[in-house]
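Below: the structure, in structure tokens.
The values are calculated or read from the model by the stated rules, or taken from the named source; none is laboratory data. Quantities reported herein were computed from a predicted structural model and do not represent experimental measurements. Don't worry about glycine lacking a Cβ; one is built from the backbone with ideal geometry, like all the others, and counts go over all protein chains shown. Areas reflect the complete protein model, heavy atoms only, side chains present, ligands, DNA and RNA absent. Shrake-Rupley method; radii C 1.70, N 1.55, O 1.52, S 1.80 Å.
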Amino acid sequence: MRLLRVELARLRWRRAVVVLLVVCVALPLVLLAGYAWETRPVSDADVAQAEQLAAQDADQPWVTQEIAACEADPEMYLGPAGTAAECAEAITPRAENYLYRSELDLTSLRTDVGAAAITILTGLLMLIGTTYAGHDWNTGSMSNQLLFVPRRLRLWTAKGAAVLVTGLVVGAVVLALFWGGAALLASSRDITAPPGTWNDIWATQARGVLAIGVGGLLGYALTMLFRSTVATLSLMFGVAIAGSLLVAAILGDNAARWLLPTNFLAFVLGGFSYYDPSACIQAPDGSVTGGCESTLSAADGGVVLAVLVVVSVALSVWATHRRDVP
């Protein structure tokens, strides 16, 4: 326990880590602020501007031309039940056409912005784990630390636990701030969540906190394996950019099931729908019906992620135990 407290103190005072922690707090709140602005209620000024735009567009020549064309063939414009008398009302621009703005919806917030926040936090914690371990190897301080703690696995465990605890705490605090702000925002707009929505949100955040903490541990384990921050970052960017392309090239149409983003979102969101050619239904005339989608459960997505983490940690522990320390 004492060694864990020492490693937590070392982690806390690393300047690069402090900067990344500030970013961890700021980015999700910026995402929430952006969503709040995009879903803001329509004001009187917005209505006045929309009415002005509608009036300007209504005077354009193309409106008169389209109305005349519609009156000549109303069925083509309005469907089989359309009549020429309805053309002017249907085509003339109205203020409502310029006032479309989506309303705050906690369900979509969970699956869109909330999932993005968890993904960003996981990536940032991986960077924290990488920076924390990489600094010790780059400066040669790992050799000095082993003089005081000669048992390598004990030192590896203490450092890994420090990163894991940091990730869990940061994830829990930031997501609590995120959803606390979302709850206040919904309350200020008199928006009530459908039954069961908050249960889904808390379950998603619990899995998200776990993913964030384990993400930090994974970044740490890979850096302890490669003993280089650059190598770990190169692998992370390589997987992010080319990993999906490589899996798609190998597995073809069945690749979506095994992509990291698919499995990550399935685990975090409690299930995720992906494109699956085998789910398509082909009619006798050759047309394809059905959604061509399958749903990956949180358990199945978690298994794939757990295998990757366990293999990485096992290799890291083996390398720490067996390889020479410069």
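At the listed q of 0.15 Å⁻¹, the Debye profile of the chain, built from one uniform point per Cα, gives log10 I(q)/I(0) equal to -1.20. Just so you know, the Rg over Rh for region 39-108 is 1.13, from Cα atoms, with Rh as the Kirkwood radius. Expressed as a whole percent, the accessible surface of region 1-145 that belongs to carbon and sulfur atoms is 59, based on a 1.4 Å probe. Think of a 1.4 Å ball rolled over the protein heavy atoms: the chain then has 55 Å² of accessible area per residue.
Amide H contacts for GLU293 (H built 1.01 Å from N in the peptide plane; partners 5 or more residues away or on another chain; cut-off under 5 Å): ASP276. Dipole of region 179-289 computed with +1 at Lys/Arg Cβ and -1 at Asp/Glu Cβ about the Cα centre; of ASN199, VAL247, GLY213, farthest Cα towards the positive end is GLY213. For region 77-225, the convex hull spanned by the alpha carbon atoms encloses 200 Å³ per residue.
Computed in the context of the full set of protein chains, the accessible area of region 150-221 at 1.4 Å probe radius has 68% of its extent on carbon or sulfur.
Of the DSSP H helices in the chain, those that are both long (alpha-carbon extent of 27 Å or more along the helix axis) and hydrophobic (Kyte-Doolittle mean at least 0.0) are 15-38, 115-139, 152-188, 197-226, 298-322. Size descriptors for region 176-326 (Cα atoms only): Rg and Dmax, in that order, 20.2, 69 Å.
Working ranking of peptides 78-90, 1-13 by packing, defined as the average number of other Cβ atoms within 10 Å per residue, highest first, is 1-13, 78-90. Simple spin-label estimate for PHE237 and GLU75 gives 6.1 nm between the two label positions (7 Å along the Cα-to-Cβ direction from each Cα).
Working ranking of peptides 311-318, 242-249, 202-209, 40-47 by packing, defined as the average number of other Cβ atoms within 10 Å per residue, highest first, is 202-209, 311-318, 242-249, 40-47.
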